[in-house]
Every structure is written in C-alpha cells, then in structure tokens.
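To start, the structure under review is shown below, and the notes come after it.
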Amino acid sequence: MAPGLAGDVTTATGVRRVFGTTVVLDGVDLTIGRGEVVALLGASGSGKSTLLRVLAGLDDEATGTYTTHGSTAVVFQEHRLLPWKRVSANVALGVRGGDLRARVEEALHEVGLTEKGRAWPAELSGGQSQRVAFARALVRRPDLLLLDEPFGALDALNRLRMQALFGRLRARHDFAALLVTHDVDEALLLADRVLVLDSGRIAEDRKVPLPRPRAVDAPGFGAERRAL
Ligand code: ADP
Ligand code: MG
C-alpha cells in the first residue's frame, strides 16, 4: 500500500508564516483524512488564504512541517481561466496522458458543460466559468481539493447550484477537500469537520454532528443531473 493511502491525506504541524513583522500563521496544526471534507472558517484577514496557499505548495517561505500524500488541485474564488485558450484547453492545462481528451470531456460533462468545450472563457457566465474551474481541478484526479471561497463570487442561486454540484461530485469521487468559506451554513452543509482559524492558530476543530442538512437539490444545470 502506498504511504498515506489509508491514513490522513494531509498533515501539518507548527506551520508558521510571517509577513514582515506580522505573524499570520503562528503554529497551525491540522490533519485532513482521506475523503474528508474540512471547512476552514475565520475572520477576514485571519490567514485562511495564506494557509491554503501553503498547503498547495505555493508559498516557499512558510516554516513548519506539512505533507500531502498524493495530488492536489486548487479552485480560487475567481476562476483564473486563461482568456486566450478555449474551455477544453483550460481544463487540460498542465495535465498529460493519452486519455486526456476523454478525461476533459468527462470532467466537463460532470459539471454540466459538455457543449462548452470549444467556447472561449469570455463567452461564459460567472457560474459557468467557476464550473470550468472545478472541471480543471477534477481532471487532475486530486487526492486533495483546496478551495478558497470557491462560491464566494456567485449570486445566491448559482451558489446553491454549486453547493449541490459539489455534493454530487463528492459522492462520485474520493477526493478530500479543504473548503475555505466565511459562510457558516455552507460549512455545516458541505463539511464533515469545521476548523476555525483565529490569531494564527486552529482555535476550534469540531466534527459536524449528524444528522446534518443535506446538500439542497437546487435547480440543476442540465447534463450533470442526468449523469450523476
Ligand atoms: P484571509 O484569507 O483569512 O482573509 P489572508 O490569508 O488573505 O486572510 O491574509 C492574512 C493576513 O496576511 C492579512 O493581514 C494580509 O494582509 C496578510 N498578507 C497576506 N498575503 C500577504 C503578502 N503577500 N504580503 C503581505 N501581507 C500579506
Ligand atoms: Mg482569503
């Protein structure tokens, strides 16, 4: 069995990140189990995005120990699609494999955008663009999805739709996720555990009690409702 296959996908111990004289992360300890969805709450400026970037390997200057077994993919609040590449090329970006084309098509199908592969990002709505960002993450077959307020820029209806889509994707894939959000309801709806970041540390770490609300069956996007 590969290391970490049965245990935690991510462990972090004593993670510290200082900007100038500002201590943003002051000894963060956390674990994320395989397939577990963990929400990270905290006030604006508490260091949620900083921690996510550290765990994503995007910050060379943090100290402490942090390891993720397997692959990661990140979805940010803003979709970050390259405007000069078609949707399918955006999804495929940086991924290799003989079956890549089929994987891109499947990922687009899963987010209900089968017909948009040849579209340009500028032709998409905000909600559609964020679904492409999820397809781009899925095509990487991540062990850990790092999500930085991924629904934060969407209007209320699209946010509900994306939350429901996330629930369906989770039922089909075995990714773990760290979901940064400032929406407590969203955390309780989607996560198995909720962490609160305060004063540079994990101040709360609680399992979401069962029974918990189910991801709402919001009006769907079309194709993915038939597929899932
Ligand atoms: P959150 O995502 O919880 O709102 P951030 O992680 O974005 O918080 O920021 C935490 C703190 O770190 C803030 O005070 C912010 O100003 C500071 N910070 C984040 N990135 C940088 C940077 N590149 N340079 C200087 N300060 C930063
Ligand atoms: Mg942030």
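Report, by residue number, each residue of the range 39-91 that is β-branched (Val, Ile, Thr) and within 11 Å of ligand 1 (Cβ to nearest atom).
Selection gives Thr50, Val54.
Would you point out the residue of the range 30-50, among those that are touching a Lys or Arg at 6+ places or on another chain (Cβ under 9 Å) and assigned to a loop (DSSP other than H, G, I, E, B), that is surrounded by the most Cβ atoms within 10 Å (Cβ to Cβ)?
Gly47
Have a look at Ala107, Ala122 and point out the one that is out of contact with any strand residue (DSSP E or B) (no Cβ under 7 Å at 6 or more places or on another chain) and surrounded by fewer than 20 Cβ atoms within 10 Å (Cβ to Cβ).
Details: Ala107 fails: surrounded by fewer than 20 Cβ atoms within 10 Å (Cβ to Cβ).
The match here is Ala122.
If you check Val54 against the conditions, is it more than 19 Å from Leu147 (Cα to Cα), surrounded by 13 or more Cβ atoms within 10 Å (Cβ to Cβ) and not polar (S, T, N, Q)? Walk me through how you get there before you give the answer.
Numbers: more than 19 Å from Leu147 (Cα to Cα): no; surrounded by 13 or more Cβ atoms within 10 Å (Cβ to Cβ): yes; not polar (S, T, N, Q): yes.
Answer is no for this residue.
Just to check your reading of the model, which residue among Ala135, Ala153, Ala171 is of a type in the set (A, V, I, L, M, F, W, C), within 16 Å of ligand 2 (Cβ to nearest atom) and more than 21 Å from Thr31 (Cα to Cα)?
Testing whether each residue is of a type in the set (A, V, I, L, M, F, W, C), within 16 Å of ligand 2 (Cβ to nearest atom) and more than 21 Å from Thr31 (Cα to Cα) leaves just Ala153.
Would it be correct to say that Thr21 is under 21 Å from the mean Cα position of the chain (by Cα) and either farther than 22 Å from Arg141 by Cα or crowded, with 21+ Cβ neighbours inside 10 Å (or both)? Spell out the reasoning first.
Working: under 21 Å from the mean Cα position of the chain (by Cα): no; either farther than 22 Å from Arg141 by Cα or crowded, with 21+ Cβ neighbours inside 10 Å (or both): yes.
It is false that Thr21 is under 21 Å from the mean Cα position of the chain (by Cα) and either farther than 22 Å from Arg141 by Cα or crowded, with 21+ Cβ neighbours inside 10 Å (or both).
Return the only residue of Asp99, Asp26 being loosely packed, with under 14 Cβ neighbours inside 10 Å and over 14 Å from the mean Cα position of the chain (by Cα).
Only one candidate passes the filter, namely Asp99.
May I ask you to list the residues in the range 185-200 that are within 16 Å of ligand 2 (Cβ to nearest atom) and among the aliphatic types (A, V, I, L, M)?
Answer for the range 185-200, where residues must be within 16 Å of ligand 2 (Cβ to nearest atom) and among the aliphatic types (A, V, I, L, M): Ala187, Leu195, Val196, Leu197.
Cβ-Cβ below 9 Å, separation at least six or inter-chain, first residue in the range 159-180 and more than 18 Å from Leu113 (Cα to Cα), second aromatic (Phe, Trp, Tyr): which pairs?
Note: pairs meeting the criteria are Ala177/Phe166; Leu179/Phe166.
If the Cβ limit is 8 Å and pairs must be 6+ apart or interchain, which residue in the range 79-90 that is buried (at least 17 other Cβ atoms within 10 Å of the Cβ) pairs with which residue that is acidic (Asp, Glu)?
Close Cβ pairs satisfying both conditions: Ser88/Glu105.
When you scan the range 10-18, do you find a residue that is over 17 Å from Leu147 (Cα atoms), in a strand (DSSP E or B), within 12 Å of ligand 1 (Cβ to nearest atom) and in contact with a helix residue (DSSP H, G or I) (Cβ under 6 Å, 6 or more places away or on another chain), even just one?
Within the range 10-18, one or more residues are over 17 Å from Leu147 (Cα atoms), in a strand (DSSP E or B), within 12 Å of ligand 1 (Cβ to nearest atom) and in contact with a helix residue (DSSP H, G or I) (Cβ under 6 Å, 6 or more places away or on another chain).
Read-outs throughout are calculated quantities, based only on the coordinates presented, and are distinct from any laboratory measurement. From a predicted model like this one, the values you see are computed outputs, not experimental measurements. Neighbour counts are summed over all protein chains in view; Cβ atoms, including those assigned to glycine, are modelled from backbone coordinates with ideal geometry.
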